[in-house]
Amino acid sequence: MRDTINTDARLALDLALTVRHDGHGGVADDLTDPAGLTAWVHAHPDTVPDAAAFVADDTALTAVRELRAAVRALFARAVRPGEPSPADAARLLSVPEAVERLNAAAARTPTVPVLRWAEGAEPAVHRQAVSGVGELTAVLAQAAIAFLDSPDRQLLRACHAPRCVRYFLKEHPRQEWCKPSCGNRARVARHHERHRDAARDGRGQ
């Protein structure tokens, strides 16, 4: 993912990418229990104040998982007329329900924009709860809304390499896959398919 990506886009994408390929032909979910959400927040220290001390419970987990379902449904809409990620294409929320869920989550806790401007880097803004740990889902929902309202939304794509279920931002005009390894798998699959078709045609003659 490029270093210049908007902070909100990065956070919204990272939430969606907690659903991923498991490396064995299936789909893994990083948010199956509170420990998984706790680890994810610790890896994203700008999501909430004092993120290092954050400990998720079942309520927080349910709220974030429900928000993620809304975000992935809206990502599926954003990539139209392309196909959505195969991970949840058959069980997407309706767009009106996803929008309602996202807006409701964003309204749970007031947040303020916080500017960070490190030496040698571009200014970056993230949303932070006004007091305490706040509602994690509000911060995530507001980031998703900001991303969907930004020009970066036009770059959103679903990766359709074999076994991949990721969304990504198309950084180059010829980019088809989320990462080089997916491109390699897709090329190998196409090669095998061409040979299979050629062998089938040869038998039919």
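The values are calculated or read from the model by the stated rules, or taken from the named source; none is laboratory data. Computed from a prediction, not measured in an experiment: that's the story for all the values here. Quick reminder, even Gly has a Cβ in these numbers, built from the backbone with ideal geometry, and neighbours come from all protein chains shown. Quick note on the areas: whole protein, heavy atoms, side chains included, nothing else; ligands and nucleic acids left out. Shrake-Rupley method; radii C 1.70, N 1.55, O 1.52, S 1.80 Å.
Are any residues in segment 75-98 within 22 Å of residue 151 (Cα to Cα) and open to solvent by 20 Å² or more (accessible area, probe 1.4 Å), and if so, which ones? Talk me through it step by step, then tell me what you get.
Within segment 75-98, the subset within 22 Å of residue 151 (Cα to Cα) is 75-85, 95-96, 98.
Answer for segment 75-98, where residues must be within 22 Å of residue 151 (Cα to Cα) and open to solvent by 20 Å² or more (accessible area, probe 1.4 Å): 77, 78, 80, 81, 82, 83, 84, 95, 96.
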Among the residues of segment 66-102, count how many are under 12 Å from the mean Cα position of the chain (by Cα) and over 14 Å from residue 158 (Cβ atoms). 4
Considering (1) open to solvent by less than 70 Å² (accessible area, probe 1.4 Å); (2) outside any loop (DSSP other than H, G, I, E, B), say which one residue 65 fails and leave the rest. (1)
Can you name the residue in segment 1-55 that is under 18 Å from residue 68 (Cβ atoms), of a type in the set (Val, Ile, Thr) and assigned to a loop (DSSP other than H, G, I, E, B) and, of all such residues, is most open to solvent (accessible area, probe 1.4 Å)? 32
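Being open to solvent by less than 10 Å² (accessible area, probe 1.4 Å) and over 16 Å from residue 11 (Cβ atoms) narrows it down to one of 161, 141, 118, 129, so name that one.
Working: 141 fails: over 16 Å from residue 11 (Cβ atoms); 118 fails: open to solvent by less than 10 Å² (accessible area, probe 1.4 Å); 129 fails: over 16 Å from residue 11 (Cβ atoms).
Being open to solvent by less than 10 Å² (accessible area, probe 1.4 Å) and over 16 Å from residue 11 (Cβ atoms) holds for just one of 161, 141, 118, 129, which is 161.
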Selected residue [open to solvent by 60 Å² or more (accessible area, probe 1.4 Å), in contact (Cβ under 8 Å) with a residue 24 or more places away in the chain and assigned to a helix (DSSP H, G or I)] from 108, 101: 101
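Return a yes/no flag: does segment 65-86 have any residue that is in contact with a Ser or Thr (Cβ under 6 Å, 6 or more places away or on another chain) and closer than 26 Å to residue 97 by Cα.
Going residue by residue through segment 65-86, those that are in contact with a Ser or Thr (Cβ under 6 Å, 6 or more places away or on another chain) are 67.
Going one step further and asking which of them are closer than 26 Å to residue 97 by Cα, we end up with 67.
Among the residues of segment 65-86, at least one is in contact with a Ser or Thr (Cβ under 6 Å, 6 or more places away or on another chain) and closer than 26 Å to residue 97 by Cα, which makes the answer yes.
Residue by residue through segment 100-115, note down the ones that are more than 21 Å from residue 74 (Cβ to Cβ) and at pLDDT below 85. Spell out the reasoning first.
As a first pass, look at segment 100-115 and keep what is more than 21 Å from residue 74 (Cβ to Cβ): 110, 112-115.
Residues satisfying the conditions are 110, 112, 113, 114.
Going by the structure shown, is residue 28 small (Gly, Ala, Ser), out of contact with any Cys (no Cβ under 7 Å at 6 or more places or on another chain) and at pLDDT below 95?
Working: small (Gly, Ala, Ser): yes; out of contact with any Cys (no Cβ under 7 Å at 6 or more places or on another chain): yes; at pLDDT below 95: yes.
The answer is yes for residue 28.
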For segment 160-183, give me each residue that is within 20 Å of residue 148 (Cα to Cα) and not in a loop (DSSP other than H, G, I, E, B). 167, 168, 169
Kindly provide the set of residues from segment 32-42 that are in contact with a helix residue (DSSP H, G or I) (Cβ under 9 Å, 6 or more places away or on another chain) and more than 14 Å from residue 136 (Cα to Cα), ordered by number. 32, 33, 36
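Out of 48, 19, 41, report the one residue that is touching a residue at least 60 places away in the same chain (Cβ under 8 Å), under 16 Å from the mean Cα position of the chain (by Cα) and over 25 Å from residue 181 (Cα atoms). It would help to see each step written out before you state the result.
Working: 48 fails: under 16 Å from the mean Cα position of the chain (by Cα); 19 fails: over 25 Å from residue 181 (Cα atoms).
Exactly one of 48, 19, 41 is touching a residue at least 60 places away in the same chain (Cβ under 8 Å), under 16 Å from the mean Cα position of the chain (by Cα) and over 25 Å from residue 181 (Cα atoms), namely 41.
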Would a scan of segment 80-89 turn up a residue that is in a loop (DSSP other than H, G, I, E, B) and of a type in the set (Lys, Arg)? yes
